[in-house]
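Report on one structure; see the data block that follows.
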Amino acid sequence: MNNSNILKDGNSVEFKTGAWRARTPNHSKDKCKNCMMCVPFCPEACIKQKDNILVGIDLDYCKGCGVCAKVCPFNAIEMKDNNND
Amino acid sequence: MPYNLKEVVKKQNRLVSGHRMCAGCGAPVTINAVLRALKEEDNAVVAAATGCLEVSTCIYPYTSWKNVSFIHSAFECASATLSGVETAYNSLKKQGKLSKDKETKFIAFGGDGGTLDIGLQSLSGAMERRHNITYVCYDNGAYMNTGTQRSSSTPHFADTTTSPAGKVTQGKVQPRKDLTEIMVKHNLPYVAQTALFGNLKDIYEKAEKAIYTDGPTYISAFSPCPRGWGYPTEDLAVISKLAVETCFWPLYEIENGVYKVTYKPAKKLPVEEFLKTQKRFKHLFKEENKDLIDEIQKEVDKKWDYLLMMEEVTNKQKED
Amino acid sequence: MSIRERLSGNEAVATAMKQINPDVVAAYPITPSTEIPQYFSNFVANGSVTTEFVPVESEHSAISACIGASAAGSRVMSATSSQGLALMFEMLYIASGLRLPIVLIVANRALSAPINIHNDHSDSMGVRDAGFIQLYCENNQEAYDNTVMAVKIAEKAKLPVMVCYDGFITSHSVENITLMENEEIQKFVGTYKPEEYLLDEKRNISMGPLDLQKYYYEHRKDIADAMRDAKDIIKEVSEEFAKVTGRKYELYEKYKLDDAEIGIVVLNSTAGTAKDVVDSLREKNIKAGLLKPRAFRPLPYNEIPNELKHLKALAILDKSDSVNGYCGPLFSEITSAMYSSNVHVNTVNYIYGLGGFDVKTDDILEVYNNLQNIAKTGKVDKTTYYLELEDGGEK
């Protein structure tokens, strides 16, 4: 290591932020209309879609902010408090 | 071709997961919305001012910047730094050291502190020198990375840690500095003000225009901050919508001096609807402070009328 | 083949920059280095260089633009003085911290307040810990030669280089000079091939991250190691330069020092004045000599004491003041180096010429007279003098 340059772009995916979550989004496939509204609104860019079909929310990174749940026009995402028993 | 959310979301995110911004932060959503306007095959160099975005997305040995190169040098010179990168690009391209078919765009991101305050001179200089760069200010209305200290962009009467709501003074004493208008006076080919509104059509189209218009362009983007403003993290879209519907944060653009208001609320809500959702304005709802809300409403209306007037006048001018 | 010419310091350095033809120059005018961006703008306007020139709105933005351009992968130069260099302060640390081989010309000028546009070394001394290699030049020939070498030194050491010469005394005085041919310089500096740069079409990279404690400490040591290694790089590049031009440069110049009994250490143009005094003293069989550091960063900390240990009395001349109630920076660094090498010589510090206060041969003669007394008595009754102000010397 002789300087502070980072040569692998986008390698922050190696750092999981999911542990930040105090609550977890539950995505219901049948309620979901694949309208794609939640995808660009996720601050972690961790809501995945494939050819406009919502694949799911990557809990390795989701911080439980709840923006997706609030943005979803069809209430297909429900935030549940992590039961930290 | 007209904006289509379903097509747009297929495009890559250039700010990827693993960054350390607070849960519900408006900045990464804004940044990805802007960078999504890049053509998939285009490259870009992003410069960032020191701030929340920079210290959360580039922490050695990790970077969240993907398919763009990224440079952070200091707090007040994102524009000057990026103008150097753009100049190097012109030099290397002229010498044939860069391939002809690859297009590289130059985009700077700064918070309101890094843009309106400490970085204003560097921004003004780079814009005046007509570098082919786009500057996007993710405006969260205070110095958030250091814990919500007031900036010139902090709204009038907003409570921050250096303009607290107290017995003698009620939050920020001065009205907000309107950098978007200052940028208009730099005679730039394109200036815009946008937010995370509806299905993000407004920010996408403005980012696309800004990035692909030759010459210096500037965007002020409303970037809600749950921690600094005091609202539940899930309300990013709610807060943005209220800011737009109350005309607290009007959506408009200026192309070569011609104003265009890009969204006119069917029913303009009273600014109170926006203010009541955030702790930073809580003190304004005390009985003795009610008149301050009226003052804010007057300021909002004055700016809104100004924009409608400018839209009319500058469009008429254009036709003559 | 070389070209005989008569040029001022600024003209000489601007000519070197023209012949180097860097990719980007971003500069802001400030007396006395203003002429460099002026000459250079002329070269750009008349197509004698292909450089992209950025007329920035401040020195802070000048170095910031240089950082961006260098990080992007181009060869970058700039020039400044005094307050301009001071305004660059935070960015200088960032340029070296990002290991960017920027060459920054500094026509040395006093720092405010009070404001003063004349020469002293308070500006470059004020940023001596910023991680820039610092080369000091006695005259326009050295300024020209060091500018050419600085490009190669910077790119080998992966550290920015400051080329310092005295404002007005050197920058604005016309002297005879021998220039290199364009092809000689182009061959000597070669084309800049960075390994890690923003516009690399093979990969996207991120520069300027937040470093937490562990990485920050390691990265800062890398920079310090690079500065240590720069000594050999300076020697290597100087040897290559000597092969091309016949002009030899070391880390410092000794002038009649090896057999001297009394000597001084002095930077830049005053060394020229002092050499005349040394010659006149030698004619009267007084064994005087001098040592003129060329590289102040990195400091030749073990070489210089070795060259001084035989002296009976030594004076270190500072054209800047540390305002520590004691001495100037050159004195503190050279004497501490002597201490580490177990070299003890009766040494005094002269702070002199601040703000361009004239330094005549008589003044230097006084220094040597004082040294003769110290050599005779073996006693130093006072450590720091302000030459011509209160040296107590009746002429």
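The shape of region C:3-245 can be summarised by an equivalent ellipsoid whose semi-axes, obtained from the alpha carbon gyration tensor, come to 26, 21, 18 Å from longest to shortest. As a length-normalised measure over Cα pairs under 8 Å and 6 or more apart, the relative contact order of region B:222-301 settles at 28 percent.
Just the protein heavy atoms count here, and of the accessible area of the protein assembly as shown at 1.4 Å, carbon and sulfur take up 53 percent. Computed over region B:43-118, the Cα gyration tensor eigenvalues convert (square root of 5λ each) into semi-axes of 24, 15, 9 Å, ordered from largest to smallest. Applying 0.36 nm per residue to the separation of residue B:287 and residue B:121 and subtracting their alpha-carbon distance, the gain on full extension is 55.6 nm. Other residues within the sphere of radius under 10 Å centred on the Cβ of residue C:247, judged by their own Cβ, net out at -1 (K and R +1, D and E -1). Here r is the Cβ-Cβ distance between residue B:161 and residue B:319 and R0 is 56 Å; the resulting FRET efficiency, rounded to 0.05, is 0.70.
So if I take the alpha carbon set of region A:12-85, get Rg, then get Rh from the Kirkwood formula, what is the Rg over Rh ratio? Rg/Rh: 0.95. With a ≥ b ≥ c taken as the square roots of the eigenvalues of the C-alpha gyration tensor of region B:110-223, please select rounded if a/c is under 1.5 and otherwise prolate if a/b is larger than b/c or oblate if it is not? Prolate, since a/c reaches 1.5 and a/b exceeds b/c. Rounded to the nearest Å, what's the spacing between the alpha carbon centres of region B:231-307 and region B:1-25? Just the number, please. The distance from the Cα centre of region B:231-307 to that of region B:1-25 comes to 26 Å.
Its Cα gyration tensor gives the protein assembly as shown an equivalent ellipsoid, and the semi-axes of that ellipsoid, as √(5λ) in whole Å with the largest first, are 58, 27, 25.
If both residues of a DSSP beta bridge must be in chain C, then about 25% of such bridges are antiparallel.
Taken across both chains, chains C and B shield about 3100 Å² of accessible surface from a 1.4 Å probe.
The figure for residue B:304 is an accessible area of roughly 20 square angstrom, using a 1.4 Å probe on the protein chains alone. If the viscosity is 1.306 mPa s and the temperature 10 °C, what Stokes-Einstein diffusion coefficient in µm²/s follows for region C:252-394 when Rh is the Kirkwood radius over Cα pairs? In µm²/s, the coefficient is 107. Sorted largest first by accessible area at a 1.4 angstrom probe radius, with every protein chain in place, the residues B:201, C:376, A:29 fall in the order C:376, A:29, B:201. Of the two radii for region C:54-165, the radius of gyration is 0.94 times the Kirkwood radius, both from the alpha carbons; that is the Rg over Rh value.
From the square roots a ≥ b ≥ c of the eigenvalues of the alpha-carbon gyration tensor of region B:5-319, which class results: rounded (a/c under 1.5), prolate (a/b over b/c), or oblate? Note, shape of region B:5-319 comes out prolate. Across the protein chains, with a 1.4 Å probe defining accessible surface, the residues B:185, B:105, C:214 rank B:185, C:214, B:105 from largest area downward.
Looking at the protein assembly as shown, the DSSP beta bridges with both ends there are about 35 percent antiparallel. Placing unit charges on each Cβ (+1 for Lys and Arg, -1 for Asp and Glu) gives chain B a dipole about its Cα centre, and among B:143, B:53, B:15 the Cα reaching farthest toward its positive end belongs to B:15.
Taken about its Cα centre, chain C carries a charge dipole of roughly 700 debye when the Cβ of each Lys and Arg holds +1 and the Cβ of each Asp and Glu holds -1.
Note on residue C:336 and residue C:361: with the Förster distance fixed at 35 Å, the Cβ-Cβ geometry gives a FRET efficiency of about 0.70. Label region B:1-127 by shape, choosing from rounded, prolate and oblate, from the square roots a ≥ b ≥ c of the eigenvalues of the Cα gyration tensor; if a/c is under 1.5 it is rounded, and otherwise prolate applies when a/b is larger than b/c, oblate when it is not. It is oblate, given that a/c is not under 1.5 and a/b is not larger than b/c. Counted by Cβ distance under 10 Å from residue B:209, the other residues give a net charge of -3, where Lys and Arg count +1 and Asp and Glu count -1. Among the listed pairs B:11/B:177; A:8/C:214; A:80/B:11; B:209/B:302, those whose Cα-Cα separation exceeds 26 Å are B:11/B:177; A:80/B:11; B:209/B:302. In region C:56-72, what residues drop by 50 Å² or more in accessible surface going from the chain by itself to the full protein assembly, probe 1.4 Å? By number: C:57.
Each other residue within a Cβ distance under 10 Å of residue C:330 adds +1 if Lys or Arg and -1 if Asp or Glu, for a net charge of 0. Residues of region C:14-37 that bury at least 50 Å² of accessible area once all protein chains are present, compared with their chain alone (1.4 Å probe, heavy atoms only, ligands and nucleic acids left out), are C:23.
For residue C:282, the accessible area of its heavy atoms, probed at 1.4 Å with every protein chain present, is near 50 square angstrom.
On the basis of the beta-carbon distance and an R0 of 22 Å, residue B:302 and residue B:273 show a calculated FRET efficiency of 0.75.
Return the aspartates and glutamates within reach of residue B:97: Cα separation strictly under 12 angstrom, same-chain partners fewer than 8 residues apart disregarded; answer none if there are no such residues. Of all the aspartates and glutamates, those that pass the test against residue B:97 - Cα under 12 Å, at least 8 places apart if same chain - are C:23, C:200, C:201. Each label was represented as a point 7 Å from its Cα along the Cα-to-Cβ direction; for residue C:89 and residue C:41 these points are 2.9 nm apart.
The mean accessible area for residues of the protein assembly as shown, using a 1.4 Å probe and ignoring ligands and nucleic acids, is 39 Å² per residue. Chains A and B together bury roughly 3100 Å² of accessible surface, counting both sides and using a 1.4 Å probe on protein heavy atoms.
When chains A and C come together, the accessible area they lose, probed at 1.4 Å and totalled over both chains, is close to 1100 Å². The distance between label points at residue B:11 and residue C:323 comes to 5.3 nm (points 7 Å beyond Cα on the Cα→Cβ vector).
Model label points for residue A:51 and residue C:239, set 7 angstrom from Cα along the Cα-to-Cβ axis, are 6.6 nm apart.
The values are calculated or read from the model by the stated rules, or taken from the named source; none is laboratory data. Here the structure is a predicted model, which is why all the values come from computation and not from measurement. Note that each Cβ is placed from the backbone with ideal geometry, even for glycine, and that neighbours are counted across all protein chains shown. Surface accessibility is based on the protein's heavy atoms, side chains included, excluding ligands, DNA and RNA. Shrake-Rupley method; radii C 1.70, N 1.55, O 1.52, S 1.80 Å.
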